[in-house]
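Below is one structure, written out as structure tokens, with a few remarks after it.
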Amino acid sequence: MTTSDEALLADLRRVLGDRVRADSAERALLRRDASVFEGGSAGPTCLCESTEEVQQVVQIALAHDRAIVPRGAGTGLAGGAIPLGSPVVVSLSRMNRILEVDTEARIAWVEPGVVNLDLTKYLTPLGYHFAPDPSSQQVCTIGGNVGNNSGGPHCLAYGVTNAHILAIEVVLADGGVVTLGGLNAEPAGYDLRGVFVGGEGMLGITTKVAVRITPNPPAVRTLLLSFDTPRDAATTVSAVIAAGIVPAAMEVMDQRITIAVENYVNVGYPRDAGAVLLAEVDGLPDGVEIDAKRIAEIGREHGATDVRQAQSDEERMLLWKGRKTAFGAVAQIAPNYYLHDTVVPRSKLADTLEEVYRIADEYDLAVVNVFHAGDGNLHPLLLFNGQEPGIYDRVHAAGAKIVEASLAAGGVLSGEHGIGVEKQPYMHQMFSDDDLDHQERLRHAFDPACRSNPGKVIPVGHSCADIQSLRATPEGVWG
Amino acid sequence: MDLGIDPDRLGTCVQCGLCLSSCPTYRVTGDETFSPRGRIALMRQVQLHDAPLTPEVTEAFDTCIQCLGCEPACPSVVPYGHFIESTRAALTEHRGPWKRSVALWPLSKPRLLRIGSTLLAVAQRLRLVPARLGLPQRLPFRRPTHRTSGSDVYLFTGCVMDVWQREVHFATQRVLEAAGFGVTPTGDQAGCCGALHTHAGLLNRGEQLTQQVDAALDPSIPIIVNSAGCGAHLKQHSSHQVFDAQEFLAQHLDRLPEVTPLEMTVAVQDPCHLRHVQRAHLPTRTLLKRFVNTVSELDDDGLCCGAGGAYSILQPKMAQQVRDRKVASITRAAPDVVASANPGCSMHLAAGGVTIEHPMVIVDNALRAG
């Protein structure tokens, strides 16, 4: 440990006591999130409990010329929370209080470390929920949802995180505290709240959030449709939307992943179907009956071999549990995964899917597809064993081809997982130099010295001068 | 250092983090080091990459309560319980297993245990036992002897529970008899099952004690266990048929007499070894619903209470933080009494000010009230 590290630690401990961790175990663990990427060495980790503490930590880091990286539950899939270099990690997991719920105004003030599903469980007896439901909702935090503008199966009808955030208290990289947005329907001035949501920790650290809470629908119907091929499932999805129905959620899983989740949840997902479509409609009882019936008909017209409706809440929850734990279930097939998060126009979904299978074949990799079909948001997971020599090169190359194919189909890089370090190298394919310059300038408006989560999102050549020594997607992050 | 974990199985964690919320020590610390994902990553570093066993690394392993709440949360069905058991065994070996062997030695000596407990009861009356040890408030001086009423089932009486909570055994026996079963309490013929030894990393000794239990009992007679920890261990290690008491009785609900349900609200606290290991926590509700007015659920998704066998004594600080979280959940549910089917949990929670009974005692009370 260098002398400067010791001085930094001493200052941090004066504020946080034993809630500063700097041992080798902690440093090693925080090099990773839920992605395949490994960062540098996490600097001291500060387990903060209040806005004031976050502010003091940021000021101390600034005084010691150190960058900061905010971290929630570390369930990100793009390496957004991994440390590059040796920054101070600001952990927000202990800031997990639900501060205030106003059902009349339909607003809740929460701290950033509140677990997404904990908020919904808290609201359930009051008749409300927090609509964005990322598949990792049982562990991911609201702060992380804000940082990544997270989506989830039910965001098809309800909109992604951005639509559910009213105001955010932020500690900026210089230690200042500001509140972006407000509780009024039309706050004055530029929508800086909208800028901040999806900022991936590069615009400052979220310390308090006012979220919109959504009334629970009076009726819900969940359908499970089986198909011979993913193509049939994908065309059904397009046809449902074309028929003017906007279901609450439409999710597709291919055969291999369906078998893996069925091994875990045992709810009766068909093991012999080429793909399944999980469709949910909610609203008034009469409406959902009509929509459910119509979706079943459209499914059959497009090759559904079986249509089943969840008969109880318990069955419905289990079906969703299967879908939402799909990524974690892949270790049944291979010990490592790398997934993309591209979005393509719904009409191109079936073609792009077939291209993804072809690319995986070309590189001799296993691939499973589980995705938010209603949004055209693909999640191809390349499965591999990281111990195999040279495997990361193949995985990386196949990933690049998948991105290329998605962009060629008129798609975008990321639906909801963020750019992090993972998609940084592809930013040039999506944006012109001019676009990237403007994004960088926007970032500077919040954080001129690029101290907050440096080295992410914006690729090399567009990053701040003081972190030029950090290559974008630095050497070694790939395993 | 070799932790004795199969490297292929150690590779099955993809680090998705879906286990985090189900881990009591992560929940109270918010610190990755105290999470299943973090602990598995550290096991990998120690076993596969020869990382040093620093105090922080051993602390990460020692603070695991082994509640196994992470196992049902894992979609890849990573056998975490096997990992931590193996890690504990390697650590115990590394530190010198004699310390733990000595500490647990009395468990396999029933008479010594009774004498020790009586001395402890005297010391308690003389106010020589600090409350923080979490012992039952008034240990009994004397214990009425067991009686045999038939040989349809064994009632497994175990070690510490038989000394400190024998009344729970009597209640369980009365309920089994009310359902028409002749009961043989195992008593001294089959003492400690070895669960605490296995938990503490003394795997061979644990196995040996289980074999002694098996050898002493007739394999054709089912063993009924009313301690969730012992039941979980016996189900995994014994070759006999083993049932949790509530699980067994819920299957024979029609044999129990109809009585007026007790006017009370009971909140069910699931012992981890019943819920996560035996996965037999629902029968407790089936049974209680027949005998009390209202059965209510806690809102913490069955998170551990922090007792963990000897954990509350070995890791008092963490155990208390975990208990505080549980007590807050109990306070929100505001029941008249909490039902818990494990002696460790009930002692730990009682020391935290919770009114707690074994479900068998509640059912017995209802049956006796008629």
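Highest first, please rank the peptides A:364-374, A:143-153, A:430-440 by the mean number of other Cβ atoms sitting within 10 Å of their residues.
Packing proxy ranking, top to bottom: A:143-153, A:364-374, A:430-440.
Given R₀ = 41 Å, what would the calculated FRET efficiency be for B:His49 paired with A:Arg300, taking r from the Cβ atoms and rounding to 0.05? If you can, show how the numbers build up before the last one.
Numbers: r = 54 Å, r/R0 = 1.32.
Calculated transfer efficiency: 0.15.
Exposure proxy check: A:Met95, A:Met317 ranked by fewest other beta carbons within 10 Å?
Ordered from fewest to most neighbouring Cβ atoms within 10 Å, A:Met95, A:Met317 come out as A:Met317, A:Met95.
Please check which bits of region A:56-85 a label hung off A:Ala449 would reach, taking the label as a point 7 Å along Cα-to-C-beta and the cut-off as backbone N under 11 Å.
Of the residues in region A:56-85, A:59-68 have backbone N under 11 Å from the label point off A:Ala449.
What nm value, rounded to one decimal, do you get for the distance between A:Gln309 and B:Asp62 when each label is placed 7 Å out toward the C-beta?
Inter-label distance under the simple model: 5.9 nm.
Can you quote the Å³ per residue value for the convex hull of the Cα atoms in region A:197-258, rounded to an integer?
Details: hull volume 11.9 nm³, N = 62.
Convex hull of Cα atoms, per residue: 192 Å³.
Suppose only helical runs count, i.e. DSSP H with n ≥ 4. What mean residue ellipticity at 222 nm does that imply for the protein assembly as shown under -39500 (n - 2.57) per run, divided by all residues and rounded to the nearest 500 deg cm²/dmol?
So the calculated ellipticity at 222 nm is -12000 deg cm²/dmol.
I want to verify a result. In a Gaussian network model of chain B, Cα cutoff 10 Å, which of these has the top mean-square fluctuation: B:His273, B:His199, B:His237?
The residue with the greatest mean-square fluctuation here is B:His237.
Report the extension gain between A:Thr103 and A:Glu354 in nm, rounded to one decimal, defined as 0.36 nm multiplied by the number of residues separating them, less their alpha carbon distance.
85.7 nm
Please list log₁₀ I(q)/I(0) at q = 0.07 Å⁻¹ for chain B, using the Debye equation with identical point scatterers on the alpha-carbon positions.
-0.30
Please check: in the Gaussian network model of chain B (C-alpha springs, under 10 Å), which one of B:Ser239, B:Ser227, B:Ser296 has the largest mean-square fluctuation.
It is B:Ser239.
If the reach is capped at under 29 angstrom between alpha carbons, list the lysines near B:Lys326, excluding any in the same chain fewer than eight residues apart.
A:Lys121, A:Lys208, A:Lys321, A:Lys324, B:Lys235, B:Lys289, B:Lys317
Please compute the average number of Cβ atoms from other chains found within 10 Å of each residue's Cβ in peptide B:32-40.
Mean shielding count: 5.
If the convex hull of the alpha-carbon atoms of chain A is projected onto planes in all directions, what is the mean projected area in square nanometres?
Convex hull of Cα atoms, orientation-averaged projection: 22.1 nm².
Which whole number in µm²/s is D for region A:227-360 by Stokes-Einstein, with the Kirkwood Rh taken over Cα pairs at 25 °C and 0.890 mPa s?
Working: Rh = 15.7 Å.
Using the Kirkwood radius from Cα pairs, D works out to 157 µm²/s.
Taking amide H positions as placed 1.01 Å from N in the peptide plane, with prolines and chain starts having none, which residues 5 or more places from B:Met264, or on another chain, fall under 5 Å of its amide H?
B:Asn293, B:Thr294
Ordered by packing density, taken as the mean number of other Cβ atoms within 10 Å over each peptide's residues, highest first, how do A:379-392, B:89-102 rank?
A:379-392, B:89-102
Mind telling me which of B:Pro55, B:Pro271, B:Pro36 comes out most flexible in a GNM of chain B, alpha-carbon contacts under 10 Å?
B:Pro55
Could you calculate the contour length gain from A:Glu289 to A:Asp5, that is, 0.36 nm times the residue separation minus the distance between their Cα atoms, to one decimal place in nm?
Difference between extended and current length: 95.9 nm.
Divide the volume of the convex hull of the Cα atoms of the protein assembly as shown by its number of residues and quote the answer in cubic angstrom per residue.
In the protein assembly as shown, the Cα hull volume divided by residue count equals 176 Å³.
Provide Rg over Rh for region A:98-215; use the alpha carbon set for both Rg and the Kirkwood Rh (inverse mean inverse pair distance).
0.94
Would you mind calculating the relative contact order of region B:295-370 from Cα pairs under 8 angstrom and at least 6 residues apart, reporting the percent as a whole number?
Values: 78 pairs, mean separation 22.6, N = 76.
It rounds to 30 percent for region B:295-370.
Run the quick spin-label model on B:Arg111 and A:Ser41: label points 7 Å from Cα toward the beta carbon, then report their separation in nm to one decimal.
Output for this residue pair reads 6.0 nm.
Sorting check: for A:31-42, B:322-333, which peptide has the highest mean count of neighbouring beta carbons within 10 Å, and how do the rest follow? Kindly include the intermediate steps, with their values, before the conclusion.
Details: A:31-42: 22.1, B:322-333: 18.2.
With the highest mean Cβ count within 10 Å placed first, the list reads A:31-42, B:322-333.
Could you compute the net charge surrounding B:Ile223? Neighbours are other residues with a C-beta less than 14 Å from the C-beta of B:Ile223; K and R count +1, D and E count -1.
Net of charged neighbours comes to -4.
Name the aspartates and glutamates eligible as straight-distance cross-link partners of B:Lys109: C-alpha to C-alpha under 14 Å, and not fewer than 8 places from it in the same chain.
Of all the aspartates and glutamates, those that pass the test against B:Lys109 - Cα under 14 Å, at least 8 places apart if same chain - are B:Asp162, B:Asp188.
So what is the relative contact order for chain B, in percent, with contacts set as C-alpha pairs under 8 Å and at least six apart?
Once divided by the residue count of chain B, the mean separation gives 16 percent.
How many partner chain Cβ atoms sit within 10 Å of a residue's Cβ in peptide B:74-87, on average, as a whole number?
Partner Cβ neighbours, averaged per residue: 3.
Before anything else, pin down the relative contact order of region B:107-250: Cα pairs under 8 Å, at least 6 apart, normalised by residue count, whole percent.
Relative CO of region B:107-250 lands at 22 percent.
Where in region B:52-71 does the amide nitrogen come within less than 13 Å of the point 7 Å from the Cα of B:Met1, taken along Cα to Cβ?
Hits in region B:52-71 for B:Met1 at 13 Å: B:52-62.
Hey, for a label at A:Leu126 modelled as a point 7 Å past Cα toward Cβ, could you say which residues of region B:286-324 have their backbone N under 19 Å away?
In region B:286-324, the label zone of A:Leu126 (backbone N under 19 Å from the point 7 Å along Cα→Cβ) covers B:299-300.
Considering the Cα trace of region A:335-387, what is its radius of gyration and what is Dmax, both in angstroms?
Considering region A:335-387 through its Cα atoms, Rg and Dmax are 11.4, 38 Å.
For A:Phe227, B:Phe156, B:Phe181, what's the fewest-to-most ordering of other Cβ within 10 Å of each Cβ?
Listing A:Phe227, B:Phe156, B:Phe181 from fewest to most nearby Cβ atoms yields B:Phe181, A:Phe227, B:Phe156.
Tell me the volume per residue, in Å³, of the convex hull enclosing the alpha carbons of region B:256-369.
Working: hull volume 10.6 nm³, N = 114.
Looking at region B:256-369, the number lands at 93 Å³ per residue.
Here, each number is a calculation from the coordinates, and none is a lab measurement. Owing to the predicted nature of the structure, the values given are computational and were not obtained by experimental measurement. All Cβ positions, glycine included, derive from the backbone under ideal geometry; neighbour counts span all protein chains shown.
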